[in-house]
Amino acid sequence: MLKKELFFFKNLKTLFWVPLVFLFVVMPVCIGGIFNASAEYEREAILQTLIFMQQIIPIFSTWWIVFILREYIDGDGAEILYTYEGIYTSKLKVVLLTLGVYLVCAATDYLLLWFLYPTQGELFLLDYLKTAFICFFLNGGTYFLMYFLRSTVVGIVSSIVYYFAISLSGQMGNPFISAYFDYGGAQGAFVTWGELGRHYSIVFVLSCSLLLFGYLREREYRVH
């Protein structure tokens, strides 16, 4: 069964490598650059790095699923694909698979941070978990919106538009609206276990709801 799911990655061809280039090349270069430029100011360097990572890493978490679902939503033969695969074959498991693979890859950037700042391991673990919740939310939202609006373009831009809308509206710390963490704002400078529980338990419920709504919307494609 896993072979069938991994075929989607192979079918992406060169598009498959885009998130990996950012995770394994762009992010390490930026992390190293901030570390070298601010070696005497560890706290500020870490804060600047985590803010940058929050801006970039979650956005690319939806890349694979957008282009995998493109043929099932925008493609001329979408109905034929669903007819061939059967009405009980949902893409929800593909959404979760691609997210899981992406989060494993993203963990390498946090391991690099731990190597550069060995005394801050717990902080990086918390921030990684926070990032995982954000990615979970964005993938749920993308999955739902693509099927609800029947558009791949929406899937591509939704995460970017959402981030800027939250950032510019000043609602970064509102768990009912924002999946992001407000560094230095109402939520404090860095993520804590308490903040992870309070803020991201709500985000988790919202994410599951989006996945459920996306599944129900997709079911209309598979049944009709």
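Residues are listed down the side, and each one gets a yes or a no for (1) touching a strand residue (DSSP E or B) at 6+ places or on another chain (Cβ under 9 Å); (2) among the polar types (S, T, N, Q); (3) over 20 Å from Leu47 (Cβ atoms):
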site	(1), (2), (3)
Tyr180	no, no, no
Glu195	yes, no, no
His199	no, no, no
Glu218	no, no, yes
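Residues of segment 167-200 being buried (at least 16 other Cβ atoms within 10 Å of the Cβ) and of a type in the set (Ser, Thr, Tyr), which ones?
Passing the criteria: Ser178, Tyr180, Tyr183, Tyr200.
Would you tally the residues in segment 106-153 being within 12 Å of the chain's Cα centre (by Cα) and either under 22 Å from Leu47 (Cα atoms) or open to solvent by less than 20 Å² (accessible area, probe 1.4 Å) (or both)?
Matching residues across segment 106-153 total 15.
Given the residues Ile57, Ile68, Ile34, which is the only one that is aliphatic (A, V, I, L, M), assigned to a helix (DSSP H, G or I), open to solvent by less than 40 Å² (accessible area, probe 1.4 Å) and free of Cβ contacts under 8 Å to residues at least 24 places away in the same chain?
Ile34
Looking at (1) closer than 21 Å to Ala179 by Cα; (2) open to solvent by less than 40 Å² (accessible area, probe 1.4 Å), which is the only condition Leu20 fails?
Result: Leu20 passes all but (1).
Here are some conditions: (1) more than 23 Å from Glu42 (Cβ to Cβ); (2) open to solvent by 40 Å² or more (accessible area, probe 1.4 Å); (3) among the hydrophobic types (A, V, I, L, M, F, W, C); (4) in contact (Cβ under 8 Å) with a residue 24 or more places away in the chain. Phe164 meets all but one. Which one does it not meet?
(4)
Scan (1) touching a Phe, Trp or Tyr at 6+ places or on another chain (Cβ under 9 Å); (2) open to solvent by 20 Å² or more (accessible area, probe 1.4 Å); (3) not aromatic (Phe, Trp, Tyr) for the single condition Gly100 breaks and write down its number.
The failed condition is (1).
Report yes if Thr14 is among the β-branched types (Val, Ile, Thr), open to solvent by 70 Å² or more (accessible area, probe 1.4 Å) and part of a helix (DSSP H, G or I), otherwise no.
The answer is yes for Thr14.
The values are calculated or read from the model by the stated rules, or taken from the named source; none is laboratory data. Nothing here was measured: the structure is a model prediction, and the numbers come from that model. All Cβ positions, even for glycine, are placed from backbone atoms using ideal geometry, and neighbour counts span all protein chains on display. All accessible areas refer to the heavy atoms of the entire protein, side chains included, with ligands and DNA or RNA removed. Shrake-Rupley method; radii C 1.70, N 1.55, O 1.52, S 1.80 Å.
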